């Protein structure tokens, strides 16, 4: 029988990407030292484009001055993947988890994060699927949840970004995840009425122990 998940969930509200990244680095050191349990951070970011480790500067479609005028930051990240958008109305989850504690490989962990997003949106009647070639959860050719992670010394960082009701117009400034022939979706764009962020957080947490 699998060990029960010992996990702390912290709801941070709206927090800048840099502040959340600094917190992840602090928590990662504490997790490596065994000072804290596996920890999931739930939050939203002010508008920001983050660049992954893969070359993706060309995925920005407008000069950075245009983004600055629109109030959107651009930050280089250490997560996998290419360019991703974060903004209010998007539920972000960052995992500071030990692979040993959840008995998963890197690939299994990423699949578990995808499954967590899939089960969460299913609770609202939205059927999402995985794509062997492109990480995340998809509604046809539109991505509703992005997944990008970093693993070092057996501890994870970063995680998922699930579109609840963000400003989808901000995606026009980029090629999301470097994929030219696909788009983006949100729960708001797919449902007669968008669920609240708190409702989505609640459903996600009910599936956390199920998936891990």
**Report entry** Angle in degrees between helix 197-211 and the longest Cα principal axis of the chain, rounded to the nearest 10
**Finding:** 40
Query - Calculated [θ] (222 nm, deg cm²/dmol) that DSSP helices of n ≥ 4 give over the chain, each run adding -39,500 (n - 2.57) - result: -8500 deg cm²/dmol
Query raised in the report: In the calculated pair distance distribution of segment 99-204, what percentage of Cα-Cα distances lie above 21 Å?
Result: 37
Query raised in the report: Hey, what's the per residue convex hull volume over the C-alpha atoms of segment 159-212, in cubic angstrom?
Result: 116
Report task. Can you tell me the 0 to 90 degree angle between the C-alpha axis of helix 17-32 and the longest principal axis of the chain, rounded to 10? Result -> 20
Query raised in the report: Could you give the angle, 0 to 90 degrees to the nearest 10, between helix 106-122's Cα long axis and the longest principal axis of the Cα atoms of the chain?
Result: 70
Report task. Which order do the peptides 80-89, 15-24, 157-166, 37-46 take when ranked by the mean count of other beta-carbon atoms within 10 Å per residue, highest first? Result -> 157-166, 80-89, 37-46, 15-24
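None of the figures in this text is laboratory data; all of them are computed from the coordinates on show. Bear in mind the structure is a predicted one, so any value in this text is a computation, not a measurement. Here Cβ is always computed from backbone atoms with ideal geometry, including for glycine, and neighbour counts include all displayed protein chains.
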